[in-house]
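Enquirer: Sharing a structure with you now.
The values are calculated or read from the model by the stated rules, or taken from the named source; none is laboratory data. Because the structure is predicted, anything quoted here is derived from the model rather than measured. FYI the Cβ positions are ideal-geometry reconstructions off the backbone, even for glycines, and counts take in every protein chain you see.
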Amino acid sequence: MNGNHGILSLQGAIQEAGRCLLCYDAPCNTGCGADTNPATFILKLRLGDIRGAVRTLRENNVLAAACAQVCPTCRLCVEGCARSGIDEPIRIAELQAFLADYERRAGMQVLQAPAPGDRQIAVIGSGPAGLAAAHYLSLAGYKPTVFEADDRPGGMLVSGIPAFRLPREVLGKEIDALLADGVSLRCNTALGRDFTVDSLFEDGFKAVFLATGAHKSRRLGLEGENCKGVISSIHFLKAFNLQREQLARGRVAVIGGGNSAVDAARVAVRQDAVESVTILYRRTRDEMPAFEEEVEAALVEGIDLQILVSPVGLRTEGGGVTGVTIIRNRLGDRGADGRRKPVPIPGTEIDLPFETVIVAISEEPDAASVADASLQPLETGANGTVRSDPATLTTSQAGVFAGGDLVTGPNTVVDAIAAGKKAALMIDRWLRGQELEQPAVIRLPNIYVEPALLSEEELEQADRVQVPVIHAASREQSFREVELSLSVEDATREARRCLRCDLEFTQRKENDAARPATVGETA
């Protein structure tokens, strides 16, 4: 073979071919890293089989309610929706939230029960990666123990995301279900302080999964950053979400443009001693990584957004912050990440008065402390991460696996769940002495659901349903959920807008050929 490319081996060719996504798949299915099956749960909901839709949803996503509220992967599967080429995509995240809410109100118990077993596995961290790993390990017949440094489980779901985005009742019941049977929980127990990786093995644990997340805020690197009134977004959000402490006062600046920045701004504007809140972002609104709907909600709630500005200095007096010196930017060439770089405009510096400055420019893991909590220090990567094999999640120490934000840096909830599921599988295979690395699996819808016949009126009135929200004036000083659940009628109507991409490659079983699916039937 001529050129710069070598010839793949048969095994290599088969493995590479297995990576093909076969793009004729229902695109909503390929968007979910946790293998949530939107195509099928939408179809069952479309037929009125709400309980069947709930069971389908829960088969692969044990934190479906949390994902529906906060995970951008739900938005990615929406972006791939074939309906987008006609009018607007199906509201997949909202339908998922509806099903999770229905499950809770109906008192359904759909999670599988743990299998009996006595081999102990340690899971460090109770965020989505740790919770998913513990649950699936319990199903495989192990006794997982989850170690959590904070005083309650949930990781950033409970400590970093405000209640108006992720209601605590919803999250609490979802976590309680995962910890109900077969999983032990130890809170206020931190790696490196109360135990080490080695002590876990000495205590009889057969494997360790590290899922401590990314709870360390990056610093601005400006003089005066340690003075009173300058707070990291993680510390600010944790103080309120876990202890109900209100740290913001007066005029508040939030520096950053991601979800953490917007969350911090929306929490700050609800605190008693706050006069105003301003987000300072170095690029334009279009470049903000925060969810567009969250940015819009912040503006509706009276938060000011200043774009194309960067902080270049902090003004202090008497040990406390009194303001921020900013410089105007213009957008330059695109960087390696595809985003245009902010370029400071000389001579445009101005001082803005603030009594509180919340730094929300990014988060990263604290790999140094994790790596040092072992006699065999773990290999670390860039930006505070721990190195693990992407295919197997194995680290440089035998029996120690790592995944989630600790490995990737700040990422989505659904990707953390996927890492937890993979960790459970890899730990099980490792303890059984089986090959860890597996060929890629193509995810295709494989359940046939009878098409629902739509009337001409339904076909003509296929507009996207509107999600009810609390009026902006009612949100002040309130941490109630802003977006409300769909009604049964609206959820069913939205599901019936689905174009049924799955019918391209699912078939009716022979014994089903003579009868249509009925409402309430599980496919």
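Enquirer: Quick one: what pairs do we get from the range 42-55, first residue touching a residue at least 60 places away in the same chain (Cβ under 8 Å), second of a type in the set (Lys, Arg) and surrounded by fewer than 24 Cβ atoms within 10 Å (Cβ to Cβ), C-beta under 8 Å, 6+ apart or different chains?
Expert: If the second residue must be of a type in the set (Lys, Arg) and surrounded by fewer than 24 Cβ atoms within 10 Å (Cβ to Cβ), the pairs left are Leu43/Arg500; Arg46/Arg496.
Enquirer: Could you give me the residue pairs with C-beta distances under 6 Å whose first residue belongs to the range 189-201 and is farther than 21 Å from Leu431 by Cβ, whose second residue is of a type in the set (Ser, Thr, Tyr) and assigned to a helix (DSSP H, G or I) wherever it lies, and which are 6+ apart or on separate chains?
Expert: Gly192/Ser369
Enquirer: Test of understanding: among Arg283, Arg249, which residue is crowded, with 18+ Cβ neighbours inside 10 Å, at pLDDT 95 or above, over 23 Å from the mean Cα position of the chain (by Cα) and over 22 Å from Gln69 (Cα atoms)?
Expert: On the way: Arg249 fails: crowded, with 18+ Cβ neighbours inside 10 Å.
Result of the check over Arg283, Arg249: Arg283.
Enquirer: Right, here's the next one. Being without any contact (Cβ under 8 Å) to a residue 40 or more places away in the chain, in a helix (DSSP H, G or I) and touching a strand residue (DSSP E or B) at 6+ places or on another chain (Cβ under 9 Å) is the filter; apply it to the range 367-391 and report the residue that is farthest from Ser217 (Cα to Cα).
Expert: The residue in question is Ala371.
Enquirer: Where in the range 90-206 are there helices (runs of 4 or more DSSP H), lying wholly inside it, with at least 2 residues that are crowded, with 24+ Cβ neighbours inside 10 Å and at pLDDT below 85? Steps first, answer last, please.
Expert: On the way: elements: 92-106, 128-139, 156-159, 168-179, 197-202.
Ranges flagged: 92-106.
Enquirer: Any residue at all in the range 322-344 that is part of a strand (DSSP E or B), touching a helix residue (DSSP H, G or I) at 6+ places or on another chain (Cβ under 9 Å), surrounded by fewer than 23 Cβ atoms within 10 Å (Cβ to Cβ) and not assigned by TED's automatic domain parsing to the domain that holds Thr284?
Expert: no
Enquirer: Follow-up question, since we're still on this one. Out of all the residues in the range 224-239, is one or more hydroxyl-bearing (Ser, Thr, Tyr) and either in a strand (DSSP E or B) or crowded, with 21+ Cβ neighbours inside 10 Å (or both)?
Expert: The answer is yes, given that some residue of the range 224-239 is hydroxyl-bearing (Ser, Thr, Tyr) and either in a strand (DSSP E or B) or crowded, with 21+ Cβ neighbours inside 10 Å (or both).
Enquirer: Please work out if Ala53 is assigned by TED's automatic domain parsing to the domain that holds Asp101 and at pLDDT 75 or above. Walk me through it before giving the result.
Expert: Details: assigned by TED's automatic domain parsing to the domain that holds Asp101: yes; at pLDDT 75 or above: yes.
Yes, satisfied.
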